[in-house]
Amino acid sequence: MSLNIHYPVPRNARLSQRFRANPQWYQPAFPGHEGVDWAISIGTPICAAADGEVFFINRNPNPKVSPYGIYVRVRHQHGQYETIYAHLSQVTVRENQTVQAGQVIALSGNTGRSTGPHLHFTIKKQGATARKETDYQKDVVDPHPYLDAAATGTPQPTPPAQTTLDVQVTAADGLNLRAAPVIGAVVTTLPCGTVVGSLEAADVTRRKLGQPNQWLWVRTSGGQVGHVAAWHVNVPGAPASTDAPAGEAYRVQVNSPDIPLKLRLGPGTGQPILEDLPHTTILECLESSAATLEKVGKYGDWLHVRTQDGLTGHVAAWYLCLSLDSLTETLDPSVSFGIGAREPEELRPADVDDLERIKGIGPKIAALLTAVGICTFKQIAALTPEQLKTVLAEGGLGGMHIDTWPEQAREMGGAAGD
Ligand SMILES: [Zn+2]
């Protein structure tokens, strides 16, 4: 167990149904109640139980459609844990929003299949069912040990007086020193090259260096204590860990309008998921520019990338296209075959609309949009003006009046969201 829980409800809330209670209502789906219920009045603020990302919100209160009514799912520690908050009256966060432990994410309610105002809370631990750590399906685990630990206030360990091994930040853009070993609250940002002392045993520290998903407990020369991503530190003087020479790294863009692209620990669909990357997310390639050009858009290839939050992993190259700023550097007929998510011969006529029919889009903008995989009215209709502005600004075309483009695209027959 390694998820520290912040109570999602006020600490004096009355527990109305424990985990595993009333098997007669839940079998055969579950051995009993698949979470914990607190009886609280409608409108009580509900807090995120740990740092994480909101990855799903259901806003339909109809019990026939959603037994959980209005509910929120939050992912923690790159998907190793998940918490669910159900029967809400209102949600106060957005999908994909990063939240911190204790942050209000919703107000409690009585929606869905519910017999009175209450909060239902479930914890899932990735792989727990397969590993037989739980007798519940769908990785549902008993939340009581987590809640008990929160209630007794598990203290933060006291850092030792001496550090063991010096390590150096290798991330070009600097590295966040975080309050906990998760992508959560930031204590300070350490510039590239900063040397900090490890508070963990030297051999443990050495094993973690450069490893994805590992965190190192450190102290700065100024005495600040926190956790850094071990995959962005190395022993002082070691060569940088990325395989793309500094300054040569290409930037690529996620081209997956329908579902988010998965950032995975390794190359392959069987690899653990680290994060969901929404359509148009910009990523830095950690492979050589030649390898990047070779792989982008190619079915079956995987690319080693870094997110703007500094998380590294692998993504399916066929859901990527080159980012516009890469494009401006390489807009040359001899390399244009490598640009764009799909090669022209793969495009069926239905996949391409005449974007120049939208007022304000000329041949240059149409070419840039097509090059990053935005080829249809439907795709433009699905973007917000802010997203479009970001795409264009990255191509050096800032300050355009684009607010009506999505609306025009819808009128051209590109109904979004079907
Ligand atoms: Zn319940």
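The values are calculated or read from the model by the stated rules, or taken from the named source; none is laboratory data. Note that the coordinates shown come from a computational prediction; the quantities given were computed from them, not determined experimentally. Because the Cβ atoms are built from the backbone with ideal geometry, glycine has one as well, and the counts that use them run over all protein chains shown. Quick note on the areas: whole protein, heavy atoms, side chains included, nothing else; ligands and nucleic acids left out. Shrake-Rupley method; radii C 1.70, N 1.55, O 1.52, S 1.80 Å.
Counting only heavy atoms of protein chains, what accessible area per residue, in Å², does region 92-147 have with a probe of 1.4 Å?
For region 92-147, the solvent-accessible area averages 48 Å² per residue.
Pairs of alpha-carbon atoms within less than 8 angstrom and 6+ residues apart define the contacts here; what relative contact order does region 166-234 have, in percent?
37 percent.
Could you work out the local net charge near Gln308, counting Lys and Arg as +1, Asp and Glu as -1, over the other residues with Cβ closer than 12 Å to its Cβ?
-2
Between Asp139 and residues 5 or more places away or on another chain, which pairs have amide H atoms under 5 Å apart, with H built 1.01 Å from N, and which residues are they?
Those lying under 5 Å, H to H, from Asp139 are Thr129.
State, as an integer percentage, the relative contact order of region 84-134 based on alpha-carbon contacts under 8 Å between residues 6 or more apart.
42
From the square roots a ≥ b ≥ c of the eigenvalues of the alpha-carbon gyration tensor of region 166-234, which class results: rounded (a/c under 1.5), prolate (a/b over b/c), or oblate?
Judged from the Cα gyration tensor, region 166-234 comes out rounded (a/c under 1.5).
Solvent-accessible area per residue for region 166-234 at a 1.4 Å probe radius, Å²?
Spelled out: the 1.4 Å probe surface of region 166-234, per residue, equals 41 Å².
Fully extended, how many nm does the chain gain between Asp173 and Gln224 (0.36 nm per residue separation, minus their Cα-Cα distance)?
16.4 nm
Once amide H atoms are placed 1.01 Å from N in the peptide plane, what residues at a sequence separation of 5 or more from Ala106, or on another chain, have their amide H within under 5 Å of its amide H?
Ile46, Thr92
Calculate, for Asp203 and Ser16, the FRET efficiency according to 1/(1 + (r/R0)^6) with r their C-beta to C-beta distance and R0 60 Å; round to the nearest 0.05.
Efficiency at R0 = 60 Å is approximately 0.80.
What nm value, rounded to one decimal, do you get for the distance between Thr188 and Lys364 when each label is placed 7 Å out toward the C-beta?
Placing both labels 7 Å along Cα→Cβ, they lie 4.5 nm apart.
Report, by chain and number, residues whose modeled amide H sits under 5 Å from the one on Ile70, excluding near sequence neighbours (fewer than 5 apart, same chain).
His87, Leu88, Thr111, Gly112
From the backbone phi of region 94-100, what are the Karplus-calculated ³J(HN,Hα) couplings (6.51 cos²θ - 1.76 cosθ + 1.60, θ = phi - 60°) in whole Hz, Gly and Pro given as x?
With coefficients 6.51, -1.76 and 1.60, one gets 10, 4, 6, 6, 7, 10, 10 Hz.
Let me have the relative contact order for region 14-152, percent, based on Cα pairs under 8 Å that are six or more residues apart.
For region 14-152, the relative contact order is 26 percent.
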